[in-house]
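Just below is one structure, and these are the notes that go with it.
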Amino acid sequence: MRIKLINPNTTMSMTEAMTACARQVAAPGTEITGVSPQMGPASIESHYDEALAVPGLLQEIEEGERAGMDAYVIACFGDPGLSAARELARGPVIGIAEAAMHMASLVAPSFSVVTTLARTSGMAWHLAERYGMQRFCRNVRACEIAVLELENPASDARARITEECRRALAEDGAEAIVLGCAGMADLCAAIGRDIGAPVIDGVTAAVKLAESLVALGLGTAKGGEWARPLPKAYHGLLSGFARI
């Protein structure tokens, strides 16, 4: 089984860290290929960033289809371009926010999301509503750590995120934590041990869901909304995306 993990930002050090976490949980015989697009933002922390990350992400999906990939993981908590990616892919495409929220609902009656910047909290709430997870989601809490600062030891990211997770359990009534950034993947196990509650990282959750769907022989439905895009011309910077 071949799964392509796509970090929609262009920071390869973060991609490598995510890929290492994904490989740790992958089943024997599952090959994880981690990539970042050749174009896009260095980090994704706004609607603007998400919009400009999608073309590069879709290029990676197309390349994966030509290479015969079985499934894809979109490793950004905003799940950018998820439906568009599903139109292009034969196999499953899993967004890490969707995966993490659903996994959390299976191990706890409630969860809070702990994310990076407060400006992205509304985006996380929107996804909880879209995925039918609002009744499980107690709160979305921000640590005010920029995504790229997660890799900076001076940011004290692990301690700050852990403390916010503790506050979520104490103040929100949450019984599990969803980490709201793919860049937190390598902190998941340690935070879970520290707070004594389930902590779900969307990268690893998405890998296991992708494996399950492929093993069940389930691909992406192509009869309607997620059918392949219609052939048409695109112009300017997007001319290479034309489907003629």
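Give the average over all directions of the projected area of the C-alpha convex hull of the chain, one decimal, in nm². Walk me through the numbers before you get to the answer.
Numbers: hull surface 51.7 nm².
Mean projected area for the chain: 12.9 nm², to one decimal.
Not counting ligands, DNA or RNA, and with a 1.4 Å probe, what is L216's accessible surface area in Å² rounded to the nearest 10?
The accessible area of L216 comes to roughly 120 Å².
Give the angle, between 0 and 90 degrees and rounded to the nearest 10, that separates the Cα long axis of helix 121-130 from the longest principal axis of the Cα atoms of the chain.
60
Determine how large the accessible area of R130 is when every protein chain is in place; take a 1.4 Å probe and give Å² rounded to the nearest 10.
Surface open to solvent at R130 totals about 120 Å².
Relative contact order of segment 112-173: what whole-number percent is it, with Cα pairs under 8 angstrom and at least 6 residues apart?
41
Order F241, F77, most accessible first, counting only protein heavy atoms with a 1.4 angstrom probe.
F241, F77
Quick one: plug the Kirkwood hydrodynamic radius of segment 84-128 (C-alpha pairs) into Stokes-Einstein at 10 °C, 1.306 mPa s, and report D in µm²/s.
129
For segment 138-181, count the residues as N, evaluate 2.2 N^0.38 Å, and divide the Cα radius of gyration by that value, please. Kindly include the intermediate steps, with their values, before the conclusion.
On the way: Rg = 10.9 Å, N = 44, 2.2 N^0.38 = 9.3 Å.
The value comes to 1.17.
Got a number for carbon plus sulfur as a percent of the chain's accessible area, 1.4 Å probe?
Accessible surface attributable to carbon and sulfur in the chain totals 54 percent.
Convex hull over the alpha-carbon atoms of segment 114-231: what's its volume per residue in Å³?
Expressed per residue, the convex hull around the Cα atoms of segment 114-231 is 153 Å³.
For K4, which lysines qualify as cross-link partners when the Cα separation must be under 22 Å and same-chain residues fewer than eight apart are set aside?
K208, K222
Rounded to the nearest 500, what is the 222 nm mean residue ellipticity of the chain from helices alone, with -39500 (n - 2.57) per DSSP H run of 4+ residues and division by all residues?
Value at 222 nm, helices only: -12500 deg cm²/dmol.
Taking a ≥ b ≥ c as the square roots of the Cα gyration tensor eigenvalues, with a/c under 1.5 meaning rounded and otherwise prolate when a/b beats b/c, else oblate, which class fits segment 162-221?
Because a/c hits 1.5 or more and a/b exceeds b/c, segment 162-221 counts as prolate.
Between 0 and 90 degrees, rounded to the nearest ten: what's the tilt of helix 96-107 against the longest Cα principal axis of the chain?
Between the helix axis and the principal axis of the chain, the angle is about 50 degrees.
The values are calculated or read from the model by the stated rules, or taken from the named source; none is laboratory data. Everything quoted here is computed from the prediction, not taken from an experiment. Just the protein is used for accessible areas: all its heavy atoms, side chains included, with ligands, DNA and RNA removed. Shrake-Rupley method; radii C 1.70, N 1.55, O 1.52, S 1.80 Å.
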